[in-house]
Amino acid sequence: MNGRNVFDVLKERGYLAQVTHEEEVRDLLGRESVTFYIGFDPTADSLHVGHFIQVMVMIHMQRAGHRPIVLIGGGTGMVGDPTGKTDMRKMMTLETVEHNSQAFKKQLSRFLDFSEGKAIMINNADWLLKLNYVDFLREIGVHFSVNRMLAAECFKTRLERGLSFLEFNYMLMQSYDFLVLNQKYNCKLQLGGDDQWSNILGGVDLIRRVQGTPAYGMTFNLLTTSEGKKMGKTEAGALWLDPAKTSPYDFYQYWRNIDDADVKKCLALLTFLPMDEVERLGSLKDEKINEAKKVLAYEVTRIIHSQEEADKARAAAEALFGGGGAGAEVPGTEINRNEFLENSKIIDLLYLVKLIPSKGEGRRLIQQGGIYVNDERIDSIDHVLTDADLKDGSLMIRKGKKVYYKVTVK
């Protein structure tokens, strides 16, 4: 093993939440190439930024010479993890799970090296969907204490609302995954978000009981704001890694506009900048912190979407906030001339291009001075747009301080 111990890197950058046997794990990671795994249940057709913490950890680990197993939860996804949920997850069909799994594979292949002997990607449907229930109970269920399971954090929150037996099986299934990977690939370490701690402990304990060999678990801090709220939630929903679901521009703007208090943490967790640079940028104050936000937005967009997309997003933001905006690559839509004439009243146009969920919301925004067209504030809910508002066939709408939208009339 070369270079610095990756355990120290992960600790210094603020990833680590809990570790089952800290000294042993650090020693192991410094001594040999370790096969580890992280599971992703395919509950949507794209990963979101909350998953990206796990992806960054896998990149750090792979760069340090360790072997990642990406476990797609085609089997566990058929049940649903109760962790952090107040209600039972919707059941997905086999087709949906398969479609989402393929989308995950494509995305993760951009970040990890899956060539021969490097990272492995497998689907737990390969073994979970073929299980004989009675055999499973006799061989695996026998090692689990119901009393201990009920005391686990992931079940506590659900007990008051009602916990189905379906979900109660989830911990056994995830623990069994770790056992299978341990037997087939000598996988010794399971990683995951800190909400997975109880499930990971189940797997570590199962391997030690069945195999009589050591296994380990490590969890990471979830991506939260300084107020403890989950990060990556926007007005439009989750901040997705798929550019068709969250445009690179919107993605860039999200990081450009985060709270000052969150900049340093995000630079450490979501970029590969050296820690002395993270410290320098994170300690900037007042107006200067905006420089750090620009670096953060650019770096995260570059890692996830490519340098070309990051360059475009940055150029678009600078064109807009510099008072320009012509030709900037911002979100937008094309409408035909008839649509423009039929919806020339500002409130109708806002509703047509889905910038407002209702006309009532549009009235409120206009009355509060929150709508601009070509940098001119709209003062009346009856304002009518004309050809004079079109510059090179387009107009730029601004909603509030941060949302820009380009409407092009063809």
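Largest mean-square fluctuation among 21, 383, 60, in a Gaussian network model of the chain whose springs join Cα atoms under 10 Å apart, belongs to 383. For the pair residue 5 and residue 164, the difference between a 0.36 nm per residue extended length and the Cα-Cα distance amounts to 53.0 nm. In sequence order, region 312-319 has phi-based couplings of 5, 4, 5, 4, 5, 5, 5, 5 Hz under the Karplus curve 6.51 cos²θ - 1.76 cosθ + 1.60, θ = phi - 60°, and Gly or Pro positions carry x. The distance between label points at residue 213 and residue 126 comes to 1.8 nm (points 7 Å beyond Cα on the Cα→Cβ vector). Extension gain, residue 146 to residue 386: 0.36 nm times the residue separation minus the Cα-Cα distance gives 79.5 nm.
Taken about its Cα centre, region 170-268 carries a charge dipole of roughly 400 debye when the Cβ of each Lys and Arg holds +1 and the Cβ of each Asp and Glu holds -1.
Once the Cα atoms of helix 49-63 and of the chain are each reduced to a long axis, what angle between those two axes, in degrees from 0 to 90 to the nearest 10, is obtained? That helix lies at roughly 60 degrees to the long axis. What angle, in degrees between 0 and 90 and rounded to the nearest 10, separates the Cα long axis of helix 197-210 from the longest principal axis of the Cα atoms of the chain? That works out to roughly 20 degrees.
Here the peptides 351-360, 243-252, 128-137, 66-75 are ranked by packing, the mean other Cβ count within 10 Å, and the order with the highest first is 66-75, 243-252, 351-360, 128-137. Of the residues 380, 56, 355, the one whose Cα sits farthest towards the positive end of the charge dipole of the chain is 56 (charges of +1 on Lys and Arg Cβ, -1 on Asp and Glu Cβ, taken about the Cα centre). 3J(HN,Hα) along region 126-132, derived from phi through the Karplus expression 6.51 cos²θ - 1.76 cosθ + 1.60 where θ = phi - 60°, amounts to 4, 10, 5, 6, 9, 5, 8 Hz, with x in place of Gly and Pro. In this structure the amide hydrogen of residue 332, modeled in the peptide plane, comes within under 5 Å of the amide hydrogens of 406, none closer than 5 places in sequence on its chain.
Charge dipole (Cα centre; +1 on Lys/Arg Cβ, -1 on Asp/Glu Cβ; no other charges) of region 154-226 amounts to roughly 200 debye. Between amide H atoms placed 1.01 Å from N, distances below 5 Å from residue 69 occur with 36, 37, 38, 120, all of them 5 or more places distant or on a separate chain. Contact order for the chain, expressed relative to its length and based on alpha carbon pairs under 8 Å spaced 6+ residues apart, stands at 14 percent. Peptides 367-374, 331-338 ranked from most to least packed give 367-374, 331-338, packing being the mean of other C-beta atoms within 10 angstrom over each peptide's residues. For P(r) over Cα pairs in 20 Å bins from 0, in percent, the choices are [x] 28, 59, 13, 0; [y] 23, 49, 24, 4; [z] 19, 42, 27, 11, 1; which was calculated from the structure? Answer label, from the structure shown: [y]. Dipole magnitude for region 206-263: about 480 debye, using +1 per Lys or Arg Cβ and -1 per Asp or Glu Cβ, origin at the Cα centre. Close amide H contacts of residue 224 (hydrogens built in the peptide plane, cut-off under 5 Å, sequence separation of 5 or more or a different chain): 231.
FYI, it's all coordinate maths here, none of it is from the lab. The structure presented is a predicted model; accordingly, all values stated were derived computationally and were not measured. Note that each Cβ is placed from the backbone with ideal geometry, even for glycine, and that neighbours are counted across all protein chains shown.
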